[in-house]
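**Q** Take a look at this one; I'll ask things after.
The values are calculated or read from the model by the stated rules, or taken from the named source; none is laboratory data. This is a predicted model, so every value here is computed, not measured. FYI the Cβ positions are ideal-geometry reconstructions off the backbone, even for glycines, and counts take in every protein chain you see.
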Amino acid sequence: MNSNPQLNNILELKSSYEQIRLEQLALCDVLEEIADSLPYNVDEQICIHTAKTIVPLIKRAHKIERENLFPLLQNNEKCAANLTAITEKIKKEHKIDEYNAEELAEILLSYGTGQPSHSAEATGYVIRGFFESLRRHIEFVHEIINPVLQHKSTN
């Protein structure tokens with residue numbers, strides 16, 4: 001490993017960020033598969049597994065953004081002035097995302113136990129709304145943070 005501790009921290013952050021990004025994108029793919037399988041081909045085990053993992057994954061991703069990525073942006077002279085307001089807005093949106101993840105987990109659990117709490121149409125709408133919003137969020141954060149991480153890891 002590199003002997004520069006600051007560079008090591010950036011490389012670890014870059015790795016953690018990429019891992020959580022890929023996990024979230026995989027979650028979106030699973031949610032899309034569940035939505036596509038409604039109403040007759042729902043895999044109950046996938047619903048249960050997804051219900052149990054969605055909230056912890058979203059909270060972990062938000063924690064990495066809040067505690068590591070956003071401070072990195074705010075400490076970057078070229079980015080700080082423009083991005084402070086944006087990162088504050090995203091932090092507020094995190095609360096809504098986490099609430100929606102909890103609601104979706106309950107719906108998925110109901111399908112996983114064979115006792116759906118919502119119609120297939122409503123469930124599909126909720127699932128698609130969630131994963132489409134999450135994909136947009138992931139892409140937006142990636143467009144902001146990736147250039148900074150690339151720059152920091154090469155300097």
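**Q** At pLDDT 95 or above, within 20 Å of residue 49 (Cβ to Cβ) and charged (D, E, K, R): is that true of residue 121 in this structure?
**A** For residue 121, the condition - at pLDDT 95 or above, within 20 Å of residue 49 (Cβ to Cβ) and charged (D, E, K, R) - is not met.
**Q** Considering only residues that are in contact (Cβ under 8 Å) with a residue 24 or more places away in the chain and not in a helix (DSSP H, G or I), which ones fall in region 83-115?
**A** 113, 114
**Q** Can you name every residue in region 103-125 that is in contact with a helix residue (DSSP H, G or I) (Cβ under 6 Å, 6 or more places away or on another chain) and closer than 16 Å to residue 30 by Cα?
**A** Matches in region 103-125: 104, 105, 107, 108, 109, 111, 112, 123, 124.
**Q** Are there any pairs, at least 6 apart or on different chains, whose C-beta atoms fall under 6 Å, with the first in region 135-150 and modelled with pLDDT under 85 and the second in a helix (DSSP H, G or I), and if so, which?
**A** 149/14
**Q** Does region 68-77 contain at least one residue that is outside any helix (DSSP H, G or I), exposed (fewer than 12 other Cβ atoms within 10 Å of the Cβ) and modelled with pLDDT under 95?
**A** Looking for residues that are outside any helix (DSSP H, G or I), exposed (fewer than 12 other Cβ atoms within 10 Å of the Cβ) and modelled with pLDDT under 95, one finds at least one in region 68-77, hence yes.
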